[in-house]
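Every number in this text was worked out from the coordinates using simple rules, so none of it is lab data. All of these numbers come straight from a predicted model, not from anything done at the bench. Here the Cβ positions follow ideal geometry from the backbone for every residue, glycine too, while neighbour counts run over all protein chains shown.
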Amino acid sequence: MATIEIDGKEYEVEAGKNLLHVALSLGLNLPYFCWHPALGSVGACRQCAVKQYKDKDDQHGRLVMACMTPVSDGMRITVEDPESKTFRATVIESLMTNHPHDCPICDEGGECHLQDMTVMSGHNYRDYRFKKRTFNNQYLGPHINHEMNRCITCYRCVRFYRDYAGGRDLDEYASKNHVYFGRFEDGVLESEFSGNLVEVCPTGVFTDKELKKHYTRKWDLQTAPSICVHCGVGCNIIPGERYGQLRRILNRYNSEVNGYFLCDRGRFGYEFVNSSERIREPKLSSDVASKSDAISQIVGWLKDGKGAIGIGSPRASLESNFALRELVGKDRFFNGLGVKENRLASLALKILREGPARSASLNDAEKADAVLVLGEDVTQTAPMLALKLRQSVRNVPMESLSQANIPQWHDGAVREFAQDSKGPFFIASVKATRLDDIATETYRLAPSDIARLGFAVAHHIDESAPAPSGLDQETEEAAKRIAEVLKNAKKPLVVSGTGSGESAVLEAAANVSRALCSSGVQAGISLNFPECNSLGVSMLEEKGLEEALEYVNANHPATVIVLEIDLYRRGALEEIDRLFEEVSQISCIDHLENRTTANASAILPCGTFAESDGTMVNSEGRVQAFYQVFVPPDPIQESWRWIRDLLLETGNAKAKSWNDLDDVLESLASEIPDLAPALDAVVSADFRIAGQKIPRQPHRYSGRTAMRANIDIHEPKPPQDPDSPLAFSMEGFHGKPPSGLASRFWAPGWNSVQSLNKFQEEVGGPMRGGDPGKRLLEPIPGEASPGQYYSSIPAAFSPEEGHLLIAHVHHIFGSDELSVHSPGIDELRPRPYVAIHPEDAKQCGLDEESEIDVPAGENSVTLKVTFENSLPRGVAGIPMGLPEFPEAVAMSGSFKVQQGVKQ
Amino acid sequence: MLSLLRTMWIIFLHMFHKRETQEYPDVLPQQPPRWRGRIILSRDPDGEERCVACNLCSVVCPVACIALQATEDGHGRRYPEFFRINFSRCIFCGLCEEACPTYAIQLTPDFEMGEYNRKNLVYEKEDLLISGPGKYPDYNFYRVAGLAIGGKGKGEADCEEPPVNTRSLMP
Ligand code: SF4
Ligand code: SF4
Ligand code: SF4
Ligand code: SF4
Ligand code: FES
């Protein structure tokens, strides 16, 4: 600790941090541009100048850059003295000389850090009367808009894009006041994290191109705290709505999960909410029906003697799934995960439950000092985890910083010091991944060989772990090297997941983490689940689609109620078709049209994540609450409400007490004790501050008395929200709410995302009052931990002449069901293909124009061949989850190469 | 008594004064140009819509009676897709005009807006847009802004250098 004096006031602060960090953490207003809490200091913009004095008697002091000055005990500083104030005003004046007269048409306007800092430093009038330099802009793809004239050369963009996110195609060009930030030539930004430029750039150079299509100022967006639904990571987000449309998604800081950033799938994948394929009316055999007709019809089917089953969903909330379980009964509820998917998810859940390694949060992943990735292409399946893992390789070089007397936040010096040295990072994958550039070693293996490598690593860490037999020399050596490194690390991390489609890979990862723990190392394990609530539904119910289909064949229920899933994405075509033949009435509760709803006898239109509240469990086992952003038009309502209506119609007693979502969650917690901590992750609906709700609309929300005036001159009463402490209004408590209820980041004088500083306990630390969310899985560490080593080690893969083994390939843009509805993501996603090694292709007489037939269950699909050098011989990569290619889910094992009909 | 007579005398003299009563609506009053009456949207000297849909008028409006949505033409020029003022709420405070960075929104001397039906007080862009520049004949926002629009490329606005050649190494 250190005592420092700022403007004559004494503060107790942490020594060694930089002064800007400290001043902002104390709540002082000090302008800055180039410093970013996640990127550190470089001292490029000279905006954060303050005066530092030698001692008590020093009257003059000297100007220093706060972001470059470490705090030490007894320091004396002034922020408000005339000289540093003038200095800062002059700096911003010169930064602004060439700035265009764009604010009214600039998408940053109203949430612009440059505007804020200009006002804060008192540069009110522009005196520059000469010609301004201009730049030509570039086309940077469907997501990011470029307007280079507005740049103030703070270098944040390239520091984020290149240094932090590992992108290669954004750089600075030219010199002096001609410095240009862009690509070498026009083209789509390659990084999966390019969307963060929108928030990182303090000006309007990089703005959200999807938002631009339906542009709305920050002050006009109705927002609520929410959770991303596009992968298992569960990033915290702030979606914003205007005129009944979801308009954009911003990051919501959570120091344990996503921190300051989001991936592009999460940021730009929201268009499905506004899609023309939304289901907006209840339907009975594809005719629009009234709410009551639909409900009484479905209840009629439910009451049929043969009973009903319910199929839940990994993309619906715990509450909706639970409500469905209540409707059909525990034995007749199935979790909706596909055959393979469910086996993998329950295995992963078992591993996380048993430990002894603790499941790692994204924050833990960032802090790991040795990483082994087994079979998961993290950038494609859990993008934000990949961004965090990328930072982990900096930890080992950082350890020697203190000897060199370099503080960790001194980014320029740290990177200079570390040069290219990186901590240990091993990747075993089927094909090249986007993290290969930071890897110490990469292994390209068939899934079973990845598992064997993992088993061997575990064996080399702990002798008692089973060893694979007949391992080749090369792999054996590699396993030894990896084992050695992991054993000697302080916080090693094993990363795997359901992505490889191979349970042995998960088991191998479990063995490695168990071996590490039993040799006394605090190892972490991070297992990725495919969807936003996969872990949650697995905890709720073990039985999946496989069991559901078996049940149907054995018991012939009268009706099936399908909650928010497309069955055709989960099971083989013929199996699902058979289900539809077997069961005469299938009812769907969903928000988007899909193959399942197309065949359904009844459809109830439910709200998307933006139109409902609920809780979900991410891959870490963290249960997080998401809140409704806006009220959808009647009759769309939350899934759980539809199910409650059905329950009420059947005369269920419990449902009578379900007045709001809290009641549902309470029933859930009392029936499923494992999920009871979910109660702590939500703020109950009757929570009030000073007797008031927390408004979803900013206090400057405009146009209230005109936006509906063309429909009805009488303004409607704002919709009530029984389910949460938030209000669909601008009235309520406008101070800082509890961390989980932060609908937006704003503070007086801080209109941009940088106002987040005011919501954190310490800049870059947890949110005030603790990060929202609650961990569900805390394994028992050490001896007492249940479970043992997995020992069913698969045989080595040996390619067979003319045959290829199917391996799953995932795409950040394309593999997710919902985000592909965004035109930008649809543009960037691949079309169905089969990837093979060029040598294999040659052997089979194929070229890049060829098409081959790949079997999928009882059918087969003709796919276009693409060459992929990084695949092991004898393996074919099949892209998962593409909308026009649901058959991929049924593809597995090896097949004989047969040329398709050439078109 | 005296004061009574005096008062009567003064009143008598009024008969010879110019009349204050205005024969409205037969004789229309002359309002000063800065009178805060019916709001219009003006056009720039090129005859294009001035409003750039920046939302400043709507956010400053104390009764929140302006709603609009921004959109763009194919060449990057931003304009309001719709622009609605609910005059049944407007208090004619003139803050929107003050906030407007482009002189698009202006209050005019016209105050004759009475309606029997409140609904008729909802004005859409078509009702608001006039054909000229209103009180400010010269200002043309897109001529000074750095944004490129159809017919005005980068470096072609007032007081701009031609775009930098980023490949050049010249000092
Ligand atoms: S970057 Fe900020 S200051 Fe510059 S034009 Fe945009 S809103 Fe205005
Ligand atoms: S583009 Fe933005 S982030 Fe990059 S240097 Fe310019 S102002 Fe800074
Ligand atoms: S990493 Fe996953 S949860 Fe996070 S933003 Fe991306 S898709 Fe969403
Ligand atoms: S302030 Fe002016 S330019 Fe901006 S939206 Fe209103 S009328 Fe249009
Ligand atoms: S923030 Fe300190 S120099 Fe830029």
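Note on B:1, A:730: ascending count of other Cβ atoms within 10 Å places them as B:1, A:730, the fewest first.
Checking the cross-link pairs A:431/A:864; A:388/A:774; A:213/A:367; A:367/A:758 against a 29 Å limit on the alpha carbon distance flags A:213/A:367 as lying beyond it. With Cβ to Cβ distances under 10 Å as the rule, what net charge do the other residues near residue A:794 carry (K, R +1; D, E -1)? Net of charged neighbours comes to -2. Kindly give Rg over Rh for the stretch A:104-176, based on alpha-carbon atoms, with the Kirkwood expression for the hydrodynamic radius. Rounded to two decimals, Rg/Rh equals 0.98.
Per-residue mean of foreign Cβ neighbours for B:111-120 is 1 (Cβ atoms of other chains, 10 Å radius).
Legend: P(r) of the protein assembly as shown from all alpha carbon pair distances, 10 Å bins from 0, whole percents, reading 2, 10, 17, 21, 20, 15, 8, 4, 1, 1, 1, 0, 0, 0. Across the stretch A:453-470, computed HN-Hα scalar couplings (Karplus, 6.51 cos²θ - 1.76 cosθ + 1.60, θ = phi - 60°) run 4, x, 4, 5, 4, 4, 5, 6, 7, 10, 3, 6, 6, x, 9, x, 8, x Hz from first to last residue, x flagging Gly and Pro.
Taking the Cα centre of the stretch A:125-274 as reference, the dipole from Cβ charges on Lys and Arg (+1) and Asp and Glu (-1) amounts to some 740 debye. For chain A, adding -39500 (n - 2.57) for each run of n ≥ 4 DSSP H residues and dividing by the number of residues yields -7500 deg cm²/dmol at 222 nm. Here the scattering of the stretch A:103-258 is modelled by Debye summation over its C-alpha atoms, one equal scatterer each and no solvent; at q = 0.11, 0.14, 0.19, 0.20 Å⁻¹ the log10 of I(q)/I(0) is -0.49, -0.79, -1.36, -1.46. Just to confirm the number: angle between the C-alpha axis of helix A:545-555 and the first principal axis of chain A, 0 to 90 degrees, nearest 10? So the helix axis and the longest Cα principal axis differ by about 30 degrees. Computed from Cα positions, the angle between helix A:318-328 and the longest principal axis of chain A comes to roughly 20 degrees.
Let me know the volume per residue of the alpha-carbon convex hull for the stretch A:803-896, in Å³. Display every interim value, and only then the final one.
On the way: hull volume 8.4 nm³, N = 94.
Taking only Cα atoms, the stretch A:803-896 has a hull volume of 89 Å³ per residue.
Each of A:436, B:158 has some number of other Cβ atoms within 10 Å of its Cβ, and from fewest to most they run B:158, A:436. For the stretch A:456-511, the set of GluC sites (Glu not before Pro) satisfying both a DSSP loop assignment and a count of at most 12 other C-beta atoms within 10 Å is given as A:463. Comparing A:675, A:627, A:765 along the charge dipole axis of the stretch A:626-778, the residue lying farthest to the positive side is A:765, per the Cβ-charge model.
The chymotrypsin sites (Phe, Trp or Tyr not before Pro) of the stretch A:74-128 meeting both criteria, a DSSP state outside H, G, I, E and B (loop) and at most 15 other C-beta atoms within 10 angstrom of the site's C-beta, are A:125, A:128.
In terms of the Cα gyration tensor, with a ≥ b ≥ c the square roots of its eigenvalues, is the stretch A:2-96 rounded because a/c is under 1.5, prolate because a/b exceeds b/c, or oblate?
Numbers: a/c = 1.96, a/b = 1.20, b/c = 1.63.
It comes out oblate by the Cα gyration axes.
Summarising the amide proton neighbourhood of residue A:622: residues at separation of 5 or more, or on other chains, whose placed amide H is nearer than 5 Å comprise A:776. Among B:21, A:650, B:102, the ranking by other beta carbons within 10 Å of each residue's beta carbon, starting with the fewest, stands as B:21, A:650, B:102.
Suppose a student asked you for the relative contact order of the stretch B:32-144, using Cα pairs under 8 Å spaced at least 6 residues apart; what percent would you report? All intermediate terms of the calculation are to be shown ahead of the outcome.
Numbers: 218 pairs, mean separation 45.2, N = 113.
It comes to 40 percent, rounded to a whole number.
The charge dipole of the protein assembly as shown, taken about its Cα centre with unit charges on the Cβ of Lys, Arg, Asp and Glu (plus for the first two, minus for the last two), comes to roughly 3240 debye. Going by alpha carbons, how many degrees (0 to 90, nearest 10) lie between the helix axis of B:2-14 and the longest principal axis of chain B? Compared with the principal axis, the helix lies near 50 degrees.
In deg cm²/dmol and to the nearest 500, what is the mean residue ellipticity at 222 nm of chain B if only DSSP H runs of at least 4 residues count, each as -39500 (n - 2.57), divided by the residue total?
Details: 5 runs with 31 residues, N = 171.
Helices in chain B give a 222 nm mean residue ellipticity of -4000 deg cm²/dmol.
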